[in-house]
Amino acid sequence: QVQLVESGGGLVQTGGSLRLSCAASGRTFSNYAMGWFRQAPGKERGFVAAISRSGGIKYYAESVKGRFTISRDNAKNTVYLQMNSLKPEDTAVYYCAAQAVGFSRTPPEYNYWGQGTQVTVSS
């Protein structure tokens, strides 16, 4: 089992920044690809960003490219999502997830999920 705990969400104005963190425990963190997903009210959970086990490969959703940066620190068992130039449409609950096999952008292929952290961007 892998336990994931997100933090760093909050209320920010348009154009502002937030840094989300996701602390992992339970298994060897570097064995897992990590992803960030988000879910707005009435919408399905969607892909935001993913990072490979070593951190050398990163994927981003088109809607966040150039604004969000995913990173990880395997020594600290933590994955981060730096979010800049935030827009009201970024408002959602953000989840981190761990993938044991493969490296994908598809939520069902992730094995473990955090409880989520709310990000609200005011206009």
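For the reader, a short list of remarks on this structure follows.
- Reported count of residues in segment 82-119, each being acidic (Asp, Glu) and closer than 18 Å to residue 52 by Cα, is 1.
- Residue among 24, 40 that is over 19 Å from residue 112 (Cα atoms), touching a residue at least 40 places away in the same chain (Cβ under 8 Å) and either among the small types (Gly, Ala, Ser) or touching a Pro at 6+ places or on another chain (Cβ under 8 Å) (or both): 40
- In segment 38-69, the residue that is nearest to residue 96 (Cα to Cα) out of those that are assigned to a loop (DSSP other than H, G, I, E, B) and polar (S, T, N, Q) is 52.
- Restricting attention to segment 31-47 and to residues that are surrounded by 15 or more Cβ atoms within 10 Å (Cβ to Cβ) and among the small types (Gly, Ala, Ser), the residue that is nearest to the chain's Cα centre (by Cα) turns out to be 35.
- Of all residues in segment 105-123 being within 17 Å of residue 4 (Cβ to Cβ) and small (Gly, Ala, Ser), the one that is surrounded by the fewest Cβ atoms within 10 Å (Cβ to Cβ): 116
- Of the candidates 91, 69, the single residue that is modelled with pLDDT of 95 or more, among the polar types (S, T, N, Q) and open to solvent by less than 50 Å² (accessible area, probe 1.4 Å) is 91.
The values are calculated or read from the model by the stated rules, or taken from the named source; none is laboratory data. What you are looking at is a predicted structure, and each value in this text was computed from that prediction instead of being measured. Neighbour counts are summed over all protein chains in view; Cβ atoms, including those assigned to glycine, are modelled from backbone coordinates with ideal geometry. Ligands, DNA and RNA are stripped out before the accessible areas are found, and what is left, the full protein with its side chains, is counted by its heavy atoms. Shrake-Rupley method; radii C 1.70, N 1.55, O 1.52, S 1.80 Å.
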